[in-house]
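Here's the structure, in structure tokens; my notes come after.
What follows is calculated from the coordinates using simple rules that are stated; it is not laboratory data. Just so you know, these numbers come straight off a predicted model, no measurement behind them. Ideal geometry is used to build each Cβ from the backbone, glycine not excepted, and the neighbour counts take in all protein chains shown.
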Amino acid sequence: MTIDRKHTGPRMSQIVIHGDTVYLAGQVASDAPGQPAGAQMSDILGRIDALLAEAGSDKTKILSATIWLSDIRDFSAINEVWDAWVVQGHTPARACVEAKLAMTKYTVEVGVVAAR
Amino acid sequence: MTIDRKHTGPRMSQIVIHGDTVYLAGQVASDAPGQPAGAQMSDILGRIDALLAEAGSDKTKILSATIWLSDIRDFSAINEVWDAWVVQGHTPARACVEAKLAMTKYTVEVGVVAAR
Amino acid sequence: MTIDRKHTGPRMSQIVIHGDTVYLAGQVASDAPGQPAGAQMSDILGRIDALLAEAGSDKTKILSATIWLSDIRDFSAINEVWDAWVVQGHTPARACVEAKLAMTKYTVEVGVVAAR
């Protein structure tokens with residue numbers, strides 16, 4: 001099976017495609033730093049849409065998502081955005097836990113494994 | 001490769017099957033909320049058995065497990081239950097770290113990737 | 001697809017191979033306990049090299065890596081070691097978050113999914 005990498009930087013690739021499986025790097029809200037968690041989640045989900053499109057996938061094909069919140073009290077706020085974004089009948093496996101992130105301006109990070 | 005989802009709710013699916021690989025949502029002890037970590041782990045591993053059976057898999061085929069504990073001091077308590085549950089010769093790759101969970105009544109969460 | 005496990009202990013296997021995909025257990029710095037995060041990262045990446053070689057893979061084929069730091073302030077220190085180790089043009093998807101680990105002598109843990 002081939003490996004195809006996109007947006008390949010010196011530290012990580014944003015997209016790694018292995019056969020029919022797509023791995024995305026943990027996404028943060030680069031366009032909404034320091035914003036409330038819901039706004040960061042919106043920014044992140046838009047990035048995921050764009051990256052999945054580049055990978056020949058889309059949000060109906062997400063297999064598994066991991067969500068890290070630097071403050072778990074943001075759980076309801078991010079869920080509101082998430083629930084409006086996912087496609088009914090095609091929701092992925094998911095886990096959401098609290099974890100401090102590398103930069104304090106980001107309070108939400110989302111990792112995704114998808115099919116293509 | 002086909003994607004098959006089971007127990008598909010508006011936020012997540014409990015089971016997502018992609019070809020020969022099964023992704024489970026992070027499981028918590030819905031029948032043992034607020035119980036000690038070992039009791040929560042027993043409840044969770046029973047849920048995983050049931051979900052894997054529905055997915056055409058079982059605990060001898062787990063590839064990778066991630067365990068989140070809201071208090072890492074529960075490490076020994078959950079390991080006692082885990083060690084008795086896994087099948088010798090078929091133990092998965094595993095990582096176990098501390099992370100606060102969405103609801104304080106749950107102190108253990110387990111995510112699983114399995115083969116079928 | 002076959003499942004092949006190596007370094008299979010009573011609690012986990014260090015290597016699980018499913019078809020063309022390799023899952024490693026979360027690696028800690030068994031030879032550098034209590035050392036600074038950078039030294040632990042060096043030890044860990046050496047272990048990952050060895051495990052991937054046993055699995056018929058190598059660091060150019062890593063699909064996704066998850067890094068847990070017990071103190072996110074070690075982010076720069078571990079990145080220095082990581083950036084020198086990854087192979088340009090072949091960097092994986094990656095997420096790095098803070099999480100306390102099971103033993104306080106370890107402050108860095110790395111999980112890997114690779115192709116073979």
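For the protein assembly as shown, report the translational diffusion coefficient in µm²/s to the nearest whole number, using Stokes-Einstein at 4 °C, 1.567 mPa s, and a Kirkwood Rh over Cα pairs.
Translational diffusion coefficient: 65 µm²/s.
Normalised by the number of residues in chain B, the mean separation of alpha-carbon contacts (under 8 Å, six or more apart) gives a relative contact order of 34 percent. I'd like the orientation of helix C:37-54 relative to chain C: the angle between its Cα long axis and the longest Cα principal axis, in ° from 0 to 90, rounded to 10. Computed tilt is about 10 degrees. Net charge dipole, segment C:1-69: roughly 160 debye, given to the nearest 20, about the Cα centre with Cβ charges of +1 for Lys and Arg and -1 for Asp and Glu. For segment B:51-85 and segment A:53-116, what is the centre-to-centre distance using only Cα atoms, to the nearest Å? If we compute the Cα centre of each part, the gap is 23 Å.
Taking the charge dipole of segment A:3-115 about its Cα centre, with +1 at Lys and Arg Cβ atoms and -1 at Asp and Glu Cβ atoms, the residue from A:Pro36, A:Ala93, A:Val16 reaching farthest to the positive side is A:Val16. Which angle from 0 to 90°, rounded to the nearest 10, does the C-alpha axis of helix C:75-85 make with the longest principal axis of chain C? On a 0 to 90 degree scale, this one is about 40.
For the rotational copy relationship between B and C, the axis lies nearest to a chain B beta carbon, identified with its distance in whole angstrom as B:Ala99, 3. Taking the Cα centre of the protein assembly as shown as reference, the dipole from Cβ charges on Lys and Arg (+1) and Asp and Glu (-1) amounts to some 280 debye.
Within 10 Å of each Cβ in B:68-75, how many Cβ atoms from other chains are there, averaged over the peptide?
Per residue, the number of nearby Cβ atoms from other chains is 3 on average.
Out of all DSSP beta bridges in chain B, what portion is antiparallel? Express it as a percent rounded to 5.
The antiparallel fraction comes to roughly 80 percent.
Peptide B:31-38 has a mean of 0 when you count, residue by residue, the C-beta atoms of other protein chains within 10 Å of its C-beta. Taking the Cα of B:Thr104, stepping 7 Å toward and past its beta carbon, and measuring to each backbone N in segment B:22-40: which are under 17 Å? Taking a point 7 Å out along Cα→Cβ of B:Thr104, the residues of segment B:22-40 whose backbone N falls under 17 Å are B:33-37. Per-residue shielding of C:18-25, expressed as the average number of other chain Cβ atoms within 10 Å of the residue Cβ, stands at 6. With only Cα atoms counted, chain C has Rg and Dmax values of 13.7, 42 Å.
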